[in-house]
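The values are calculated or read from the model by the stated rules, or taken from the named source; none is laboratory data. Given the structure is predicted, the values throughout are model-derived calculations rather than measurements. Note that we place each Cβ from the backbone using ideal geometry, even for glycine, and neighbour counts take in every protein chain shown.
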Amino acid sequence: MIAFSRIIKQYGRQILFVDASFQLNAGEKVGLVGPNGAGKTTLFRMIAGEEAPDEGEVSVPRKLTIGYFRQDVEEMAGRSVLDEAIAGSGRVGGLHHELEELQHAMSDPARAGDLDKILSRFGEVQEEYEHLGGYALESQAREVLHGLGFDNERIDGDVGDLSGGWKMRVAMARVLLGRSDVLLMDEPTNHLDIESIIWLEAFLKSLPAALLMTSHDREFMNRIVTRIAEIDGGEIIAYSGNYDFYERERAIRETNREAAYARQQAMLAKEQRFIDRFAAHAAKAAQVQSRVKALEKIEKIELPKKRRVVTFTFRQPPRSGEQVAVLEDVTKAYGRRVVHGGVTLTLRRGERWCVMGRNGAGKTTLLKMVAGVLAPDSGVIRLGASLKMGYFAQQALELLDPDLTVWEQIEKDFPHESTGVLRNLLGAFQFSGDDVEKRIRALSGGEKTRLVMARMLLDPPNFLVLDEPTNHLDLATKEMLVEALGTFEGTMLFVSHDRMFLRGLSSRVLELGGESGTETQPHAYPGSYVEYVQRTGHEAPGVHA
């Protein structure tokens, strides 16, 4: 279907692809992986026709339709969310909007003289629209938008009123409704909650379209893709299987290559010793020359590039009192909508509570009240003795000084720490080499998240309140964070859409809103997230496994 043949691509001195070849077949679901800067976005852009290779050929059939979901969202305003989503439906979307315009024109007194012409065009458009299944489009669009977390009020509201994260969901709905032959999806789970991620998994698996996607969500990747394409050292290497299979297979290939390298090095050393020993012997001259020529022809095996993972041993926090936080009859409402109606809960030392709940159930509100950022309408929240709290929310990224470099910020925060400790800390959060000289204003959302988490964990609190701490984090950093927090001896209260994070860290589950999403009393489950899924039969409220 889509083929890359011996492509070469570079930007200045940075070489992304060297004689790289790859094929995406009809209906295939492929995960695209590789370190930051390897060329994943460039590959997408070449398929979409936005860039061309320096050499080689990218073959895309002319009639092939491509839907491309990317992280930079265009400006949206002046339409309802529903209409904006439908706008991505190719020809059907265009007809939908033309029908709306013609209906307005028919009721416009100023255009009464053109009524026959307008009616004629309306009939033509309506016939084509019906033939293409257009009348099912609105219900399909509502179904997709509901799946992505929109309620009816938002669906019919102005798209211009939405935050950036919700506009990303509208952009995704446009792509999903486009009925494309190929979907290119760049980090589709970044702005989604767990309910929407689970819905998207099922939707993408059901599509007949081919899919090429990047994702930092291991579970999401595992459940959808049947092949992995890895960009590594300018090549595109294919692995048949999901992400877990790719990791195992890559490790086996690395081990085999290291063994082959060692065998070849031993053989080369042996041959070189013969050459050195008999180079001056006339009787052995022919043999020496023969072996020199043979060595020149041997293709040298290179050691596989090791992914550098810096480990950092985080300090243990000071011990807190037994009761960390006590909530007694806490209520919170926004206007007439009661989010929390009399919540009573005790968090004890060493417990790790993950908070589950549908959109609007009040997960972030609960964390804000516990962190003291938001006051309850009534009831009491008491924090325990000897408590040092660390609160992470997306707003925490704004506390960084945009004029400082990464290194200047961490040095300012910890002036008495040694350079070695600080460099090791930043390395564990993927800041190495020139990265530490980047200005904070130039960092991506993921880079800022990593820096905030690094600052928090160098001098760890004994009570961590974390609201979506893994947003924008790559897999390597997420896995390091789960491992580091796995040995954390303090108490945790967190919200996360990442099932690896939930499985790896939770020991208690607090479900808000219940199955309906409207209950004001929470349900506390005494076991881990894994046990919660086994007990309830769903991975998130209202979404059945």
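Tabulated data
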{"read-out": "Residue 186 at pLDDT 90 or above, closer than 25 Å to residue 502 by Cβ, surrounded by 20 or more Cβ atoms within 10 Å (Cβ to Cβ) and of a type in the set (Asp, Glu)", "value": "no"}
{"read-out": "Of the criteria (1) out of contact with any Asp or Glu (no Cβ under 9 Å at 6 or more places or on another chain); (2) over 29 Å from residue 423 (Cα atoms); (3) part of a helix (DSSP H, G or I), which one residue 521 fails", "value": "(3)"}
{"read-out": "Residue 130 vs. criteria assigned to a helix (DSSP H, G or I) and at pLDDT below 85", "value": "yes"}
{"read-out": "Selection within the range 148-167 - in a helix (DSSP H, G or I) and either in contact (Cβ under 8 Å) with a residue 60 or more places away in the chain or within 18 Å of the chain's Cα centre (by Cα) (or both)", "value": "154, 155, 159, 160, 164, 165, 166, 167"}
{"read-out": "Residue, surrounded by the fewest Cβ atoms within 10 Å (Cβ to Cβ), within the range 360-381, restricted to residues that are among the aliphatic types (A, V, I, L, M) and touching a residue at least 60 places away in the same chain (Cβ under 8 Å)", "value": "371"}
{"read-out": "2 or more residues in contact with a strand residue (DSSP E or B) (Cβ under 7 Å, 6 or more places away or on another chain) and acidic (Asp, Glu): qualifying helices (runs of 4 or more DSSP H) within the range 2-108", "value": "none"}
{"read-out": "One residue from 384, 357 being over 34 Å from the mean Cα position of the chain (by Cα), surrounded by 18 or more Cβ atoms within 10 Å (Cβ to Cβ) and either under 26 Å from residue 538 (Cα atoms) or touching a residue at least 24 places away in the same chain (Cβ under 8 Å) (or both)", "value": "384"}
{"read-out": "Within the range 320-337, considering residues that are exposed (fewer than 12 other Cβ atoms within 10 Å of the Cβ) and not in a strand (DSSP E or B), the one modelled with the highest pLDDT", "value": "322"}
{"read-out": "Test: residue in the range 485-498 that is without any contact (Cβ under 8 Å) to a residue 60 or more places away in the chain, in the same structural domain as residue 364 (by TED's automatic domain parsing) and either closer than 23 Å to residue 388 by Cα or crowded, with 22+ Cβ neighbours inside 10 Å (or both)", "value": "yes"}
{"read-out": "Residue, nearest to residue 481 (Cα to Cα), within the range 261-318, restricted to residues that are in contact with a Pro (Cβ under 8 Å, 6 or more places away or on another chain) and surrounded by 13 or more Cβ atoms within 10 Å (Cβ to Cβ)", "value": "314"}
{"read-out": "Pairs with Cβ under 8 Å, 6+ apart, first in the range 59-70 and surrounded by fewer than 17 Cβ atoms within 10 Å (Cβ to Cβ), second polar (S, T, N, Q) and outside any strand (DSSP E or B)", "value": "65/180"}
{"read-out": "Odd one out for residue 473, checked against (1) at pLDDT below 85; (2) surrounded by fewer than 18 Cβ atoms within 10 Å (Cβ to Cβ)", "value": "(2)"}
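Yes/no matrix, rows are residues, columns are (1) modelled with pLDDT under 95; (2) of a type in the set (S, T, N, Q); (3) under 15 Å from the mean Cα position of the chain (by Cα):
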{"residue": "169", "(1), (2), (3)": "yes, no, yes"}
{"residue": "197", "(1), (2), (3)": "yes, no, yes"}
{"residue": "206", "(1), (2), (3)": "yes, yes, no"}
{"residue": "210", "(1), (2), (3)": "no, no, no"}
